[in-house]
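Data first, discussion second: the structure below is written as structure tokens.
The values are calculated or read from the model by the stated rules, or taken from the named source; none is laboratory data. What you see is a predicted model, and the numbers here were worked out from it, not measured in a lab. We place every Cβ from the backbone using ideal geometry, glycine too, and count neighbours over all the protein chains shown.
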Amino acid sequence: MTGVCVCVCVCVCVCVCSAPDVSVVNSSSVSGHEGGDISVQCLYSSDYQNKLKQWCRYKDQSCYTVGRTDTSQNSSVQISDDGRRSFTVRMTGLRLTDSGWYWCSAGDALSPVHLTVIEAGVESYDGGSNHTLTVQTGGSVTIPCYYDKKYTQQKKYWFSESDKSNTYTNTTEKNLSVMDHPDQSLFTVTIRNLQNKHTGNYYCIVETGEQPPIKTIYEPYLKIQSAPDVSVVSSSVSGHEGGDISVQCFYSSDYQNEVKQWCRYKDQSCYTVGRTVTSQISSVQISDDGRRSFTVLMTGLSLTGSGWYCCSVGDLQVPVQLTVTEPKRAFTTIPAATPSPIEADIHTTQQSANRNPTSVNKIIYSK
């Protein structure tokens, strides 16, 4: 098999081939719920038929081998080889600590896979697929585009399908701003003065520096309406650590019977109306008043709760930014105490001594 191999840090080689020796079916990322299970199918070429097949974790360099079932402090891992150039990894009893990077390995060839474990009781959605964002005519919207940390130094851009234009990050125009936030692993796109002509498909894209050369990380469809089917009073909200915030989401009568959710972009987790869920970032409760609005109440906020969320009704969404800050510390001014008569005498004596050092002996030793 032909290909170009580039060696990094002496011991790791990345091979760019027309047909990779090891690959993953469907996607290089997978998610599951705490206590649940996931499976990953790893493919390998005929040249690697007799090589050792493993599922390894980057964090601690631990590996699980085909034909064995291992139970670790995290989950139970079983790997089976079908003998037809693929092996399947099955992880059961998932824990939150299982989240992270792994790889399918056959001999010295490997393919990375990212696993996200979502807290029990929290639903998930496909963050990369089409989502319709509703915006009022003449209004504005800010869209978060989260990317993997390994793409921090790579170029990113916003692509408009209607006019086939690319706008790279850290660009500000009259009605468009695309800004990178590497410390948060996302870039944001702010579009102002939206009109009906702006309705259409858009894409958040990363230039990977590998194969394939570009990766679409988010595909929003913008729907510009004079009266949006889903909306919020404000697209940003803030609160203090340990405190709480509430967000009111409005929807049209056409969406009365659709599922209402509050979703987090970063980990693609969702909270549904009628349920109270306590997570690592806060306790989330959502209630629908039946009069075309539902309210999200987040209590016990933590700093890690900061980020982008959305009000979701059916297939429609509206982004909302949450900022959690440290609580303000109160400073109390303590008034100076009035000296006692004895302290006053000592102070006066000391002042006198400073002016006339020879009198000190008389003051201290006289009887």
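Assorted remarks:
- Residue list for segment 52-63, restricted to those being more than 23 Å from the chain's Cα centre (by Cα) and at pLDDT below 90: 61, 62
- Elements of type strands (runs of 3 or more DSSP E) in segment 125-184, at least 3 residues being within 21 Å of the chain's Cα centre (by Cα): 130-136, 141-146, 156-160, 176-181
- Inclusion of residue 306 among residues that are under 17 Å from the mean Cα position of the chain (by Cα) and modelled with pLDDT under 90 is not warranted.
- Residue check for residue 77: farther than 30 Å from residue 318 by Cβ, modelled with pLDDT of 90 or more and of a type in the set (A, V, I, L, M): yes
- Conditions (1) touching a residue at least 60 places away in the same chain (Cβ under 8 Å); (2) more than 23 Å from residue 266 (Cα to Cα); number of the one not met by residue 222: (2)
- Within segment 185-198, restricting attention to residues that are surrounded by 15 or more Cβ atoms within 10 Å (Cβ to Cβ) and not in a strand (DSSP E or B), the residue that is modelled with the lowest pLDDT is 185.
- Scanning segment 164-184 for residues that are surrounded by fewer than 14 Cβ atoms within 10 Å (Cβ to Cβ) and either in the same structural domain as residue 321 (by TED's automatic domain parsing) or closer than 23 Å to residue 226 by Cα (or both) returns 174, 175.
- The residue of segment 297-321 that is surrounded by the fewest Cβ atoms within 10 Å (Cβ to Cβ), among those that are in contact with a strand residue (DSSP E or B) (Cβ under 6 Å, 6 or more places away or on another chain) and farther than 20 Å from residue 143 by Cα, is 303.
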